[in-house]
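The values are calculated or read from the model by the stated rules, or taken from the named source; none is laboratory data. If you're wondering where the values come from, they're calculated on a predicted model, not measured in any experiment. As a convention, Cβ positions derive from the backbone with ideal geometry for all residues, glycine included, and neighbour counts pool all protein chains shown. The area values use the complete protein model at the heavy-atom level, side chains included, leaving out ligands, DNA and RNA. Shrake-Rupley method; radii C 1.70, N 1.55, O 1.52, S 1.80 Å.
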Amino acid sequence: MKIRLRRLELFCRQSVEVLDLDHKVVVIRGPINTGKSSALHLIDFCLGAGTLYQTEALRKELLSVRLELD
């Protein structure tokens with residue numbers, strides 16, 4: 001079975017953040033403590049991981065998350 005990740009939407013207390021994943025190659029990069037690992041943990045959680053590893057920022061700000069697939 002093939003799964004294609006389209007986008008990850010994070011519904012936060014004061015904003016909605018969208019990560020566009022609809023490319024052949026996606027590189028998640030940036031300075032330390034900017035959410036790179038959190039994005040991967042959220043994708044894992046949306047795909048059925050039992051629990052979500054939550055950083056302090058996720059606990060304080062994240063209300064819900066949605067992963068769009070094909």
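With the simple spin-label model, which puts each label point 7 Å out from Cα in the Cβ direction, the Lys24 to Leu47 separation comes to 2.0 nm. If R0 equals 25 Å, the separation of the Cβ atoms of Gln54 and Arg7 corresponds to a calculated FRET efficiency of about 0.75. Multiplying the residue separation of Gln14 and Asp70 by 0.36 nm and removing their Cα-Cα distance gives an extension gain of 17.3 nm. Rolling a 1.4 Å probe across the protein heavy atoms gives the chain an accessible surface of 79 Å² per residue. When the Cα gyration tensor is reduced to axis lengths a ≥ b ≥ c, the ratio a/c is 1.5 or higher for the chain, and with a/b above b/c it is classed as prolate. Note on Arg59: accessible area is roughly 140 Å² with a 1.4 Å probe, heavy atoms of protein only.
For the range 4-70, with all protein chains in place and a probe radius of 1.4 Å, 51% of the accessible heavy-atom surface sits on carbon or sulfur. A protection proxy built from the mean count of other Cβ atoms within 10 Å ranks the segments 20-27, 36-43, 63-70, most packed first, as 36-43, 63-70, 20-27.
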